[in-house]
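Single-structure report; data block below.
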Amino acid sequence: MKLIIIGRGNVATNLLEAYQRQRVPVEMVSSREGLDALPTDADAYIYAVRDNALQDVINKVHVPARALHVHTSGTMPITVFGADKPHCGIFYPFQTFSKEHIIEDFTTIPIFFEAKAIDDVTAIYSLALAITPHIYETTQADRERLHVAGVMANNFTNCLYGIAKDILADTHIPFSALLPLMDETVQKIHTLSPKDAQTGPARRGDETVMQHHLELLKREDYREVYQLMSRIIQTQQS
């Protein structure tokens, strides 16, 4: 099996490392400069590019029809592949990726896939199985919901980490003091539901503490976030 990963971003870089660790012949090419010299003898082409560039990149790839084509988007449909690419599907590794922090153990990461034709299910499954045992066939609708859930669980949480760091910026307390708390929060979710794991003044209904926190927050948007999240927590507990 020879693979070509199209793209040089966070997902592409981590997939390259994952396949190289498994000694799978793989090459990464730029979606901007590398398409003119794209190898045409690969068994599979993995498109790991931005959603707003995906269709354009796919349209520029011309290789034998026997090849498998998959994209890694959490939201783009399988219909972005035209008739010239009859063997196609979706190959969505569900994780946060950064080039600056390569994931060394890909075997813990789930991959969600979709195939255009039943004959391609086995091919995409094998493509995933080379790097992880956690493989799930899914629909477009479910994958879109999963993507939104991922934004809530990861991107928005990371944004809240940034707010927490900003709150501590003019104190003598380092951001690292929050790390044990953040780690324990995640660990609890492995054995408790989010509702059961929830703590804090909003869950207790402690209006005095919440009002004091609002007075400490200098930015209006931070106060709005605090109030909205507190209301949601109280709603979830009712």
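Annotations
- Checking each residue in the range 182-202 for being farther than 27 Å from Thr171 by Cα and either out of contact with any Ser or Thr (no Cβ under 9 Å at 6 or more places or on another chain) or outside the structural domain of Thr171 (by TED's automatic domain parsing) (or both) picks out Gln187, Lys188, Ile189, His190, Thr191, Leu192, Ser193, Pro194, Lys195, Asp196.
- Residue match in the range 126-134 (condition: assigned to a strand (DSSP E or B) and either over 21 Å from the mean Cα position of the chain (by Cα) or touching a residue at least 12 places away in the same chain (Cβ under 8 Å) (or both)): no
- Number of the exception - Lys195 against (1) more than 20 Å from Gln95 (Cα to Cα); (2) outside any helix (DSSP H, G or I): (2)
- Residue within the range 163-185 that is of a type in the set (Lys, Arg) and more than 15 Å from the chain's Cα centre (by Cα) present: yes
- Filtered by the rule that a residue be over 14 Å from the mean Cα position of the chain (by Cα) and either outside the structural domain of Ile124 (by TED's automatic domain parsing) or outside any helix (DSSP H, G or I) (or both), the range 67-87 gives Ala67, Leu68, His69, Val70, Pro77, Phe81, Gly82, Ala83, Asp84, Lys85, Pro86, His87.
- Residue tally, condition loosely packed, with under 14 Cβ neighbours inside 10 Å and in a loop (DSSP other than H, G, I, E, B), over the range 207-238: 3
- Selection status of His213, without any contact (Cβ under 8 Å) to a residue 40 or more places away in the chain, closer than 29 Å to Phe113 by Cβ and in contact with a helix residue (DSSP H, G or I) (Cβ under 9 Å, 6 or more places away or on another chain): no
- Counting the residues of the range 88-115 that are surrounded by 14 or more Cβ atoms within 10 Å (Cβ to Cβ) and either among the small types (Gly, Ala, Ser) or not assigned by TED's automatic domain parsing to the domain that holds Ser126 (or both) gives 2.
- For the range 32-66, the tally of residues that are in a loop (DSSP other than H, G, I, E, B) and either touching a helix residue (DSSP H, G or I) at 6+ places or on another chain (Cβ under 7 Å) or buried (at least 19 other Cβ atoms within 10 Å of the Cβ) (or both) stands at 4.
- Of residues in the range 189-206 being polar (S, T, N, Q) and either surrounded by 10 or more Cβ atoms within 10 Å (Cβ to Cβ) or in contact with a Lys or Arg (Cβ under 9 Å, 6 or more places away or on another chain) (or both), the one nearest to Asn154 (Cα to Cα): Gln198
- Lone unmet requirement of (1) within 30 Å of Gly74 (Cβ to Cβ); (2) touching a Pro at 6+ places or on another chain (Cβ under 9 Å) for Asp221: (2)
- Residue within the range 147-168 that is outside any helix (DSSP H, G or I) and either at pLDDT 95 or above or out of contact with any Gly (no Cβ under 9 Å at 6 or more places or on another chain) (or both) present: yes
The values are calculated or read from the model by the stated rules, or taken from the named source; none is laboratory data. Treat the numbers as computed from the prediction; the structure is a model and nothing was measured. Note that we place each Cβ from the backbone using ideal geometry, even for glycine, and neighbour counts take in every protein chain shown.
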